[in-house]
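Written out below as structure tokens is the structure these notes cover.
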Ligand code: SF4
Ligand code: SF4
């Protein structure tokens, strides 16, 4: 615990003008926590070089082991306020969340100074309950396992080898190259970005197989990945069992064509001359673009990028699905490629995500038609032509080809002509009229389904199972946060790249491969130093369990979003620190409160809440509301709102939490029993549009809220006094209205907490 603190109160950035800084210094010196505050000072501008030098001198001369800096948000000037590994720093946010956001119309005098006093007390209390963590620093394996020998996997293996790593490359098929090996060409990857190019996969294979640092295993099955990041033991069966000591894993297992029965309204499966882009590519690669019905070269080919043909009268959209899909078996028949079945909506979502690819594939394959015969015509009929960035040049090149007709079109029907050709009926075209186009061949998009679902891709020996949880919620893709953390999966140490992560071009897959390798290396290095790799990069803390009080209820084990906890032989949680992301979800889950972090724990946050002054008389002193604000999005959103001059009720007190998943019900119970009138849990969105940095934290919190509500009900306190709101970082302008809503709809409506004054 920090035992000798320095407390510094800043007078800059409006603080000195709005607050009585001298009175705050006096207050701190006389407070019940004054005994551990060896130095209490004010400074005109705390972030000035002189002030920082003064703090450094105090640390040295007075032997301070912690400093409480009452100034701006911890998100500001963090690089200035660093005083070495032995000195803990607590930032009390008097600027953004006190002075700048103070509602100037507040009627009760002295409210602002009262708020500042609360926050100073809370900051001192927090630091007094905080220890510097001593991390475990295991010797880590340095080698990288690359799963998948396609374009992405080959690039990943080469990148890792170039960075001096030993690599084990495991490929299920007999040959390297994956889907790229089956392509005739790919989209432009170099100047002038107007022509399709060779994929370069043959050269990649040659480079990989001749690289001494890369061990290539083909016709290989991954048997298991056991252990934790930095410490994996990987068993592979490649004509015999082989065991490798691995640091981290790059997952480059690519994609499989999705179930195509949803293409039925476009004639797929009914008319022989309706094929998918995957089938067309195979014909092109074989040098034989022909009509399946008669083996003749087509004189005209229509490419349709939007397959949302619906029943008559219905308005189609790119997300609609018109045909029911029968689920396919989990395993493909012997000798046939793996095909993954999704229910109808999921199939359609895949198309929505791959729209850029759908457009580019149509342009590329229209080019094949033109190259195969100068007289042949290609029609590209699209709902949305998506060619972001430099690919606009590729689109323009197609426009300049007189043999390629491009038009926006809503397809209303595909029927067969007597000669086996197809008649495509379309409306909303650029021609301004409904049209019918005759083509010898119709080509429809192929759904890209990541190779993760229904397949033992990772075979992790984890208590929570061998693969990735919640794949259906994420359309089968394995990223743990699309927006903020590309490459990261819901298993620390496993980094996804290429089409297993999201549909992408080969050019993007090459970049992805490098990104995922860097993440893998960062992970190994972080595991070795005992720090979190992401998203709390560099965090030294990890959950510590007081097993004597553990009832083996397994809530922590089951709720950990990252499968960090296994069971030991007695059924007690078995932590794997290098798998852990330090979210605190286990701490929030544990009913016995036996899980804590040295610098973030149940007692610490509970004690902070107890430092909030709650007036006995709500009319004279106003209500009090505790806002448990997630540090990832909610807390910065509050800062940003304050920065932009927004203000809110002066009766709220913010308590930052690592994730709403870490909120332990006891904090809410303690707050309510202390007389606090309401509690807001302000965190990330969950569900399909989740942006929770720890995937499930805010969702788990909302489930626990139901239990909290029941407990409050038993105490005779209205359940509505505890509410959870969702906010993302860019929704800062909504924060004042959310708080206002709570104050009017809950606090004004229900009045004072019945526990007030006890
Ligand atoms: S819930 Fe979070 S803090 Fe707890 S073990 Fe899992 S990853 Fe680590
Ligand atoms: S939630 Fe707490 S009591 Fe239950 S198994 Fe985990 S540590 Fe033990």
Spin-label proximity, residue 85 to segment 512-533 - amide N less than 13 Å from point 7 Å beyond Cα toward beta carbon: 529-531
Acute angle (nearest 10 degrees) that the helix 111-128 long axis makes with the longest principal axis of the chain, alpha-carbon atoms: 80 degrees
Unit Cα scatterers, Debye sum, segment 1-132: log10 I(q)/I(0) for q = 0.14, 0.18 Å⁻¹: -0.56, -0.93
Proxy reagent accessibility, fewest Cβ within 10 Å first, across 379, 545: 545, 379
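Quick check of the Kirkwood formula: for segment 544-596, what is the inverse mean of 1/r over all pairs of different Cα atoms, in Å? It would help to have the intermediate numbers written out before the result.
Working: mean 1/r = 0.0924 Å⁻¹.
Here the Kirkwood hydrodynamic radius works out to 10.8 Å.
Using only the alpha carbon atoms of segment 667-758, find the Kirkwood hydrodynamic radius as the inverse mean reciprocal pair distance, in angstroms to one decimal. Walk me through the numbers on the way to the answer.
Numbers: mean 1/r = 0.0711 Å⁻¹.
Over segment 667-758, the inverse of the mean reciprocal pair distance is 14.1 Å.
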Kirkwood hydrodynamic radius (C-alpha pairs) into Stokes-Einstein, segment 601-758, 10 °C and 1.306 mPa s, D in µm²/s: 102 µm²/s
Semi-axis lengths, Å, segment 228-314, gyration tensor of Cα atoms, sqrt of 5 times eigenvalues: 43, 20, 11
Kirkwood hydrodynamic radius of the chain, Cα pairs, Å: 29.2 Å
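Looking at the chain, send over the antiparallel percent of its DSSP beta bridges, to the nearest 5.
On the way: 34 of 102 bridges.
Among the beta bridges of the chain, antiparallel pairing accounts for roughly 35 percent.
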Highest average packing first - 467-480, 149-162, Cβ atoms within 10 Å: 149-162, 467-480
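Over the chain, what is the mean sequence separation of C-alpha contacts under 8 Å (at least six apart), divided by residue count, expressed as relative contact order in percent? Don't skip to the answer; put the middle values down first.
Working: 1650 pairs, mean separation 93.9, N = 758.
For the chain, the relative contact order is 12 percent.
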Projected label distance in nm at residue 689 and residue 62, using a 7 Å step from Cα toward the beta-carbon: 4.9 nm
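Taking other Cβ within 10 Å of each residue's Cβ, how do 485, 597 sort, fewest first? Present the calculation step by step, with values, prior to reporting the outcome.
On the way: 485 15, 597 22.
Final ranking by Cβ density, sparse to dense: 485, 597.
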Net lengthening on full extension, residue 20/residue 740 (0.36 nm per residue, minus Cα-Cα): 256.5 nm
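If I take R0 = 45 Å and measure r between the Cβ atoms of residue 399 and residue 210 in this structure, what FRET efficiency does the formula 1/(1 + (r/R0)^6) give, to the nearest 0.05? Working shown, then result.
Values: r = 42 Å, r/R0 = 0.94.
That pair, residue 399 with residue 210, gives E of 0.60.
Between residue 511 and residue 297, what FRET efficiency comes out of the Förster formula 1/(1 + (r/R0)^6) with R0 = 51 Å and r the beta carbon distance, rounded to 0.05?
Values: r = 37 Å, r/R0 = 0.73.
The pair residue 297/residue 511 has a calculated efficiency of 0.85.
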Tilt relative to the chain, helix 355-372 - C-alpha long axis, 0 to 90 degrees, to 10: 20 degrees
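What order, most packed first, do the peptides 385-391, 446-452 have when packing is the mean number of other Cβ atoms within 10 Å of each residue? Please report the intermediate quantities before stating the final value.
Values: 385-391: 15.1, 446-452: 26.3.
Those peptides, ordered most packed to least, come out 446-452, 385-391.
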Order of 408, 705 under a 10 Å beta carbon neighbour criterion, fewest first: 408, 705
Value at 222 nm in deg cm²/dmol, rounded to 500, when DSSP H runs of n ≥ 4 in the chain each add -39,500 (n - 2.57): -8000 deg cm²/dmol
Between helix 151-162 and the chain: long-axis angle, C-alpha atoms, 0 to 90°, nearest 10: 60 degrees
Gyration tensor over alpha-carbon atoms, segment 487-556, equivalent ellipsoid semi-axes in Å: 33, 16, 7
Calculated FRET efficiency for the pair residue 139/residue 286, C-beta based, R₀ 41 Å, to 0.05: 0.20
Relative contact order of segment 544-596, defined on C-alpha pairs under 8 angstrom at six or more residues apart (%): 43 percent
Ranked by how many other beta carbons lie within 10 Å on average, peptides 290-300, 212-222, 605-615 from highest: 605-615, 212-222, 290-300
Estimated distance in nm for a label pair at residue 472 and residue 375, the labels positioned 7 Å out from Cα along Cα-to-Cβ: 5.3 nm
Relative contact order %, segment 1-132, counting alpha carbon pairs below 8 Å whose residues are six or more apart: 33 percent
Approximate spin-label separation residue 245-residue 569, in nm, with each point projected 7 Å along Cα-to-Cβ: 2.4 nm
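Read-outs throughout are calculated quantities, based only on the coordinates presented, and are distinct from any laboratory measurement. Quick caveat, the model's predicted, so the values are computed rather than measured. Because the Cβ atoms are built from the backbone with ideal geometry, glycine has one as well, and the counts that use them run over all protein chains shown.
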